[in-house]
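Just so it is clear, none of the values below were taken in a lab; they were calculated from the coordinates. Keep in mind that what you see is a predicted model, and the values were worked out from it rather than measured. Quick reminder, even Gly has a Cβ in these numbers, built from the backbone with ideal geometry, and neighbours come from all protein chains shown.
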Amino acid sequence: MNFKLTKEEKSAIAALKRLEKKWPESLWLFATGNSINIMRYKENGERAVIDGYGGMDPDYVVDTVSILNDGGDW
């Protein structure tokens, strides 16, 4: 599907693509629907998730960004 994007939308997408190129390997993102959590990897290099639960470990949240999202798979 082709969308006619506004200048603001194109600018936001370009900013995310620039960020992708310089994103540190020590951080990852966890989407929760109402926000995106910026997470630090555990000391062993694995993602900080709660064993047996599959959800993120809130102790490893560095910050959050309030951008609506959906973390579900297609």
Cα pair distances exceeding 21 angstrom across the chain, given as percent: 38 percent
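Rounded to the nearest 20 Debye, what is the dipole magnitude of segment 25-74 about its Cα centre when Lys and Arg each give +1 and Asp and Glu each give -1 at the C-beta?
Value, rounded to 20: 80 debye.
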Leading residue at positive end of dipole, the chain (Cβ point charges), from ALA12, ASN37, PRO24: ALA12
